[in-house]
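S.K.: Take this structure, written in structure tokens, and hold onto it; I'll ask about it next.
The values are calculated or read from the model by the stated rules, or taken from the named source; none is laboratory data. Please read all numbers here as calculations on a predicted model, not as lab measurements. Cβ: placed from backbone, ideal geometry, glycine included. Neighbour counts: every protein chain shown. Calculation scope for accessible area: heavy atoms of the full protein, side chains included, ligands and nucleic acids excluded. Shrake-Rupley method; radii C 1.70, N 1.55, O 1.52, S 1.80 Å.
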Amino acid sequence: MVDAFLMAYDKEMHVSLYNKVIGGFDFPSGEIQLSLDEVTFSGWFFSDSEDCIYIQVTTGSDILGIYDLDFIRPDVNATLNLDADFRLGFFFKIEPELTSLASAFDVSIVIGADVFTIWHASKFTLTSVQETQLCRSFLEQLHSDRFSSREFYQNNLITEQLFFGFFKSISAQFSVKNIEECLEYYNAEMSIDYFNIVEDYQSHDFSIRLINMSSQACCRIADIFSGDYFSPIRSYVVGDINYVLFSNGECCFYLAQHSGVVCLIYPSRYLILKLSVESWVNVVVDSLFDLFCNVSKFHPGNLSCDNQSFLGLNVSHSRPYHYFYDYLNGVFELSQSSELTFDAVSVCGFDFYNLAFFPNISNFTSLPEYGVNSLAHEKCGYFLAPSLPIVNLTKSEYSIDSFRDEVRARFTDLSNFVTKSIESDLEALENFSPLTSGNLVIWIGVSSEKRQWVEQVSGVRSLINELKNSFKTITVIIDGRTFPLNPNDQDFYISASERVIFDAISSGVDDVLFINSSGLTARQKLIYASSVDIFFTSYATDSMYPSAFLRKKGVVYVSPVILESQKLLHVHYSIIEVPSSLVRQVSVDKSWDFSNVSMDWQDVYKCIANILNIGD
């Protein structure tokens with residue numbers, strides 16, 4: 001059973017206030033609000049009269065709370081030409097405990113002796129059975145030709161705001177199963193060819209083959225249940241997951257792309273078929289509400305297989321590693337394998353490179369998530385993610401050494417192509433004296449998030465001070481967060497925290513030039529990395545620019561729990577690893593790629609000195 005408060009706004013009562021005060025509620029906004037937990041109120045009121053103004057919350061004749069106008073609103077004070085410290089704002093929360101015994105409450109503005117009730121709140125109860133019926137009825141109609149949101153709300157005597165308040169828990173209606181569990185549960189309904197179909201979905205180049213088929217207007221994939229062929233008719237992006245809606249004209253399913261095919265979503269079966277790692281499937285589960293909200297807003301109108309148009313590539317990923325190693329590799333492969341050209345979009349914040357440099361990209365733009373979905377709706381079509389992981393994990397038999405050589409060779413072509421895109425910048429760099437006049441340029445990766453060397457501040461200081469004994473001039477590039485073309489608040493927050501680390505390191509070393517590359521774009525980092533003599537970073541993405549792309553010499557560290565097969569996920573050409581016996585994992589409950597480590601700086605220095613041929 002779910003309890004919530006449905007709050008109705010009395011607009012006429014608020015209008016009657018205008019001859020006494022100005023102002024209003026910033027939150028809640030709108031005429032109807034649903035709250036499943038605490039209720040927040042904020043806003044401001046001002047009057048020229050001397051009447052006392054305050055907010056009161058009542059249930060019947062009982063007063064639950066009184067809230068004064070005791071917040072300063074600089075924006076309003078400036079507009080009204082009031083003193084900067086004048087108090088006319090309010091902000092308060094009504095906790096669930098306060099209303100637990102009340103079936104209804106009112107929020108009123110009290111001006112002198114007059115009371116104006118603006119919000120009426122009443123408790124709304126939905127049993128778990130009713131919630132399930134409502135959600136499943138919505139999903140059924142949403143994935144049909146007859147879907148009308150207005151009719152659905154009218155037929156169920158519910159408002160849109162109220163419904164979506166409860167619909168947030170839609171993921172609870174779905175079960176997540178792997179193929180073995182599906183076979184056990186749906187045995188009689190499965191296609192006799194289900195194994196080959198799933199194997200095809202999981203194949204290394206599946207997304208690229210989808211794109212090639214779509215380019216020829218003949219994209220069809222088999223369904224594991226019916227065995228029938230389904231065609232893509234629309235795509236929806238939520239974050240960096242690209243959902244492609246497939247239909248055979250009668251029923252449908254979604255294919256979730258995120259560095260390959262993560263899972264299939266069957267809305268009529270309330271089933272998520274897991275095809276990839278658990279963590280990515282969990283991201284899909286958490287985004288189901290947003291997915292279906294987008295489908296409701298940008299409904300294809302019908303499920304006809306004729307209602308399809310391939311619009312191009314969606315090259316969006318939240319992590320630079322997967323953006324370059326999976327998606328950019330896919331774009332590059334498409335440019336080498338055919339003369340086809342594509343339009344491409346990236347979601348703002350997940351756009352780490354200007355794709356216009358690729359000869360097979362005819363038009364590239366970055367758009368907000370809403371803009372990508374709106375474009376797909378407007379043009380009645382779909383985008384596909386060009387995922388082609390640089391490491392082919394579907395290979396069952398290989399030797400570590402031969403496979404590593406194969407991956408290096410494959411990445412060399414991509415890295416040569418990408419570095420060619422900065423040739424003009426490199427020519428200009430010859431006049432940038434800090435990176436050309438020093439007789440040692442070293443790139444050092446720091447982190448405020450994960451894979452951190454816990455002694456990084458004191459350790460890097462000690463390393464540079466020791467190197468000063470062997471080099472007359474030193475330039476140190478301190479690297480951190482890579483910014484996308486359109487950074488977001490999280491990018492700026494992390495870069496600011498890394499700036500604190502940069503300041504702490506640089507302030508402890510004299511007569512050395514420090515350059516902060518945290519917050520630069522991938523292109524800018526490639527330019528800086530091209531000038532370095534040596535780098536020191538973690539084994540993972542932190543090393544990508546100087547090591548994988550520029551093939552510089554360097555020293556890397558990694559948690560000792562990493563497996564040799566996991567090291568294949570990262571491309572290196574000429575490195576020395578800090579011996580695992582000298583590296584201690586600090587967070588024993590985390591995987592290698594999230595773990596911070598502890599090391600003695602002198603052990604790190606010995607590795608650096610080995611590469612530079614200095615010391616004993």
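S.K.: Would you point out the residue of region 232-257, among those that are open to solvent by 10 Å² or more (accessible area, probe 1.4 Å) and either modelled with pLDDT of 95 or more or polar (S, T, N, Q) (or both), that is nearest to Gly301 (Cα to Cα)?
M.R.: Asn248
S.K.: Go through (1) surrounded by 15 or more Cβ atoms within 10 Å (Cβ to Cβ); (2) out of contact with any helix residue (DSSP H, G or I) (no Cβ under 8 Å at 6 or more places or on another chain) and name the single condition Glu199 misses.
M.R.: (1)
S.K.: I'd like the residue in region 481-490 that is open to solvent by less than 60 Å² (accessible area, probe 1.4 Å) and touching a residue at least 60 places away in the same chain (Cβ under 8 Å) and, out of all such residues, is farthest from Arg319 (Cα to Cα). Steps first, please.
M.R.: The initial filter retains those residues of region 481-490 that are open to solvent by less than 60 Å² (accessible area, probe 1.4 Å), namely 481-484, 487.
In the following step, the residues that additionally are touching a residue at least 60 places away in the same chain (Cβ under 8 Å) were identified as 482, 484, 487.
Numbers: Thr482: 9, Pro484: 10, Pro487: 13 Å.
The residue in question is Pro487.
S.K.: Consider region 587-616. How many of its residues are on the phi < 0 side of the Ramachandran plot and at pLDDT 85 or above? It would help to see each step written out before you state the result.
M.R.: First, pick out the residues of region 587-616 that are on the phi < 0 side of the Ramachandran plot: 587-612, 614, 616.
Going one step further and asking which of them are at pLDDT 85 or above, we end up with 596-612, 614.
Total meeting the criteria: 18.
S.K.: Take the residues in region 414-472 that are at pLDDT below 90, of a type in the set (Val, Ile, Thr) and part of a helix (DSSP H, G or I); name whichever of them is surrounded by the fewest Cβ atoms within 10 Å (Cβ to Cβ).
M.R.: Thr419
S.K.: Show the residue pairs that are 6+ apart or on different chains and have beta-carbon atoms under 8 Å apart, the first residue being within region 197-216 and closer than 17 Å to Cys263 by Cβ and modelled with pLDDT of 90 or more, the second being among the charged types (D, E, K, R) and open to solvent by less than 30 Å² (accessible area, probe 1.4 Å).
M.R.: Ile197/Asp223
S.K.: I would also like to ask the following. Could you grab me the full set of residues in region 58-70 that are at pLDDT below 90 and surrounded by 12 or more Cβ atoms within 10 Å (Cβ to Cβ)?
M.R.: The answer is Thr58, Thr59, Leu64, Gly65.
S.K.: If you don't mind, there's one more thing I want to ask. For Tyr493, which of the numbered conditions (1) within 22 Å of Met599 (Cα to Cα); (2) open to solvent by 10 Å² or more (accessible area, probe 1.4 Å) fails to hold?
M.R.: In the conditions (1) within 22 Å of Met599 (Cα to Cα); (2) open to solvent by 10 Å² or more (accessible area, probe 1.4 Å), Tyr493 misses (1) alone.
Residue-by-condition table, conditions (1) modelled with pLDDT of 95 or more; (2) among the hydroxyl-bearing types (Ser, Thr, Tyr); (3) surrounded by fewer than 23 Cβ atoms within 10 Å (Cβ to Cβ); (4) within 19 Å of Ile208 (Cα to Cα):
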{"residue": "Leu340", "(1), (2), (3), (4)": "no, no, yes, yes"}
{"residue": "Ser346", "(1), (2), (3), (4)": "yes, yes, no, yes"}
{"residue": "Asp351", "(1), (2), (3), (4)": "yes, no, no, no"}
{"residue": "Asn360", "(1), (2), (3), (4)": "no, no, yes, yes"}
{"residue": "Phe364", "(1), (2), (3), (4)": "yes, no, yes, yes"}
{"residue": "Asn373", "(1), (2), (3), (4)": "yes, no, no, no"}
{"residue": "Cys380", "(1), (2), (3), (4)": "no, no, yes, no"}
{"residue": "Leu384", "(1), (2), (3), (4)": "yes, no, no, yes"}
